[in-house]
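Novice: Shown below is the structure under consideration.
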Amino acid sequence: MPTNQNCQGASANCVVGGTRSIVRAVSKLTSLRDAIARFVPDGASVCLGTGLEAVIPFAAGHEIIRQGKRDLTLIGPISDMLFDQLIGAGCCRKVVAAWVGNVIAGLGHNYRRAAERGVPHPIEVEDHSNFTLALGLLAGSLGAPYIPTRSLLGTGILESNRSLKLATDPWSGEPVVLVPAIVPDVSIVHVQRSDAEGNCHLWGTLGVSREAALAARAVIVIAEEIRPREQILADPNLVLVPSLKVAAVVHEPWGALPSPCQGFYGRDHDFFMRYHEESRSVEGFRAWLDKWVLGVPDWKGFLDLLGTETLERLRVREHRPSEPLDYGAG
Amino acid sequence: MTYTDRELMVIAAAREIGDGELIFVGMRLPLLAFALAKRTHAPRALGLFENGVVRESPAPETPFTMSDPPNIAGALWSTTTGNIMALLQQGLVDMGFIGGAEVDRYGNLNTSYIGDWRRPKVKLPGSGGGGDIASLAKRFVIIMPQEKHRFRERVDYITSPGHGDGRDWRRKVGLRGGGPSALITTLGVFRFHPDTKEAHLASFHPGQSVESVRAQTGWDLKVAADVGPTPEATHAELEIVRSCDPQGFWTR
């Protein structure tokens, strides 16, 4: 790829194959601290947890808490523990989600305290289902104002979430629900591998990751591995989102723990169970936060606390590589 | 052979799965029910998961969540949430499983708010995919523990629509899916009357009776003419359930 290599290291307009296109071949590699500081301002709408129970960007979430971000709107289909932590830490003003809690343990104690009693402060809740949340992001990714669906007719969700509108299909005359586009200021996606520009590969559970990345104004990619550009572009079908949407690339191995990452590590169920118990009271949650988030300088500190024994227990040992593809063109 | 009420719920749920059907599986007990049905009477059933997975065989080890790596490895398809929901909205999904915090006599489920949603007494986690399955699947099966305060005359908030206020409510509001076909609890199995769409007790589990189920039902319980005991769990069924949940995390 001589043309691309000519552009390496510079943000420039390049001629590729005779067609003028913009190639931003500049490294966006940065520390997690800088990525959060720059691209998650107070008051931002942030989409995260797009892989449902897998590849949840906990490393990024903990950094958001450490930096004391405020008034965030959290967007995600389900949130397995991460939103509960951000709400309890006081980072969140509004939740746009289908489900917030702890998938194997039950209710989210901080979510309950905030929604029921305004502790640590009141939050606004915009209720969705997984489908309407996915459709909202899809509409955002399409640049469309809304998408109609037949889901949720007759439900309370249409009352408590006023952004969903009951309408009549102009062709059939039947009732439909209009789901408005959701356009996050930033989507944070955790992936297996990325190049320095943000061309990245995600496989395993996709959830709404592609729609979320395409819909967002900016994307922060958190990657288990940073690979050379040509290795990523060897399989362009697997690239999650064009790197032109990516604002920052962060190399953070184990960055989705205690959620799983296909091919890299499994889920630490015990961690979710322990959090559920320890976050029952405000004091318990503060102690949890002091230990696991505020008491460590960075994600490395979290992993040190977790211990090498746990990491070794969770590390994938039985690998199942797929068949390589042939992109031969000549 | 003695067994827990949760084991019997799994077994009763598995019996609702038809061979060759497309089943929206989800989490917890339904995951075990799908595994059991596949290994007994429904070897050709397909399982859908809202994280984007379609499986023709249960994962070799029962995952704690649908996104655990063993549930993706060996899948028939691993795609987006949107694509799975697309199959649901097209009307291709035969049956889905849903749980809830509260249910009412028409099978409406609340997993969102106890009390007024503007000032909730309890904030529950929310719909997840439940509202979508209830809206769009050809039929759905409710699985939940039976306690009087959770079996209410009317739920405070409809997250997953059952039969609304009965009769042809679903058609009137425009819902395409067929609604709930069974409610499986720790005490018995309810089915919905073909005309009124109200839940009728169809069977009571071993050790229970119509009266003991009535005592834990928060509305004036109707009973099917042919009500009787739920068929006992068989040795073979229990062995499979226990092999899928060896530590008893979900069923003990």
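Novice: Just give me the residues in the stretch B:33-61 being within 14 Å of chain A (Cβ to nearest Cβ) and crowded, with 21+ Cβ neighbours inside 10 Å, in sequence order. Walk me through it before giving the result.
Specialist: First pass over the stretch B:33-61, keeping only residues within 14 Å of chain A (Cβ to nearest Cβ): B:48-55, B:59-61.
B:L48, B:F49, B:E50, B:N51, B:G52, B:V53, B:R55, B:A59, listed by residue number.
Novice: Looking at the stretch B:1-34 only, could you name the residues that are assigned to a helix (DSSP H, G or I) and farther than 19 Å from B:H235 by Cα?
Specialist: Applying the first criterion (assigned to a helix (DSSP H, G or I)) to the stretch B:1-34 yields B:5-14, B:29-34.
Matches in the stretch B:1-34: B:P30, B:L31.
Novice: Another question about this same structure. Quick check on my filter: what residues within the stretch A:35-70 are within 13 Å of chain B (Cβ to nearest Cβ) and either surrounded by fewer than 24 Cβ atoms within 10 Å (Cβ to Cβ) or acidic (D, E) (or both)?
Specialist: A:E53, the sole residue that qualifies.
Novice: Pull up the stretch A:164-195, narrow it to residues that are among the polar types (S, T, N, Q) and closer than 25 Å to A:I220 by Cβ, then point me to the one that is surrounded by the fewest Cβ atoms within 10 Å (Cβ to Cβ).
Specialist: The first filter runs over the stretch A:164-195 and keeps only residues among the polar types (S, T, N, Q), leaving A:168, A:172, A:187, A:192, A:194.
Those left that are additionally closer than 25 Å to A:I220 by Cβ: A:187, A:192, A:194.
On the way: A:S187: 33, A:Q192: 20, A:S194: 30.
Across the stretch A:164-195, the extreme among qualifying residues is A:Q192.
Novice: The conditions are (1) closer than 22 Å to B:G218 by Cβ; (2) surrounded by 24 or more Cβ atoms within 10 Å (Cβ to Cβ), and B:I133 fails exactly one of them. Which is it?
Specialist: Condition (1) is where B:I133 drops out.
Novice: Identify all residues within the stretch A:108-140 that are closer than 20 Å to A:S160 by Cβ, surrounded by fewer than 24 Cβ atoms within 10 Å (Cβ to Cβ) and among the β-branched types (V, I, T); write none if there are none.
Specialist: A:I123, A:V125
Novice: Kindly state which strands (runs of 3 or more DSSP E) lie completely within the stretch A:71-167 and contain at least 3 residues that are more than 8 Å from every other protein chain (Cβ to nearest Cβ). Quick ask: steps written out before the conclusion?
Specialist: Values: elements: A:72-80, A:92-102, A:124-127, A:146-149.
Once the strands (runs of 3 or more DSSP E) in the stretch A:71-167 are filtered for at least 3 residues that are more than 8 Å from every other protein chain (Cβ to nearest Cβ), what remains is A:72-80, A:92-102, A:146-149.
Novice: Also, I was wondering about something else. With the structure loaded, tell me whether B:I98 is buried (at least 24 other Cβ atoms within 10 Å of the Cβ) and under 27 Å from A:L257 (Cβ atoms) or whether it fails that test. Talk me through it step by step, then tell me what you get.
Specialist: Values: buried (at least 24 other Cβ atoms within 10 Å of the Cβ): yes; under 27 Å from A:L257 (Cβ atoms): no.
Spelling it out, it is not the case that B:I98 is buried (at least 24 other Cβ atoms within 10 Å of the Cβ) and under 27 Å from A:L257 (Cβ atoms).
Novice: Please go through the stretch B:173-204 and pick out each residue that is under 20 Å from A:P175 (Cβ atoms), in contact (Cβ under 8 Å) with a residue 24 or more places away in the chain and of a type outside the set (G, A, S).
Specialist: Our first condition is that a residue be under 20 Å from A:P175 (Cβ atoms); within the stretch B:173-204, this holds for B:173-179, B:197.
Those still in the list that are in contact (Cβ under 8 Å) with a residue 24 or more places away in the chain too: B:175-179, B:197.
Within the stretch B:173-204, B:L175, B:R176, B:K197 meet the criteria.
Where a number appears in this text, it was derived from the coordinates with a stated rule and is not lab data. Because the structure is predicted, anything quoted here is derived from the model rather than measured. Counting neighbours? That spans all protein chains shown, and the Cβs are built from the backbone with ideal geometry, glycine included.
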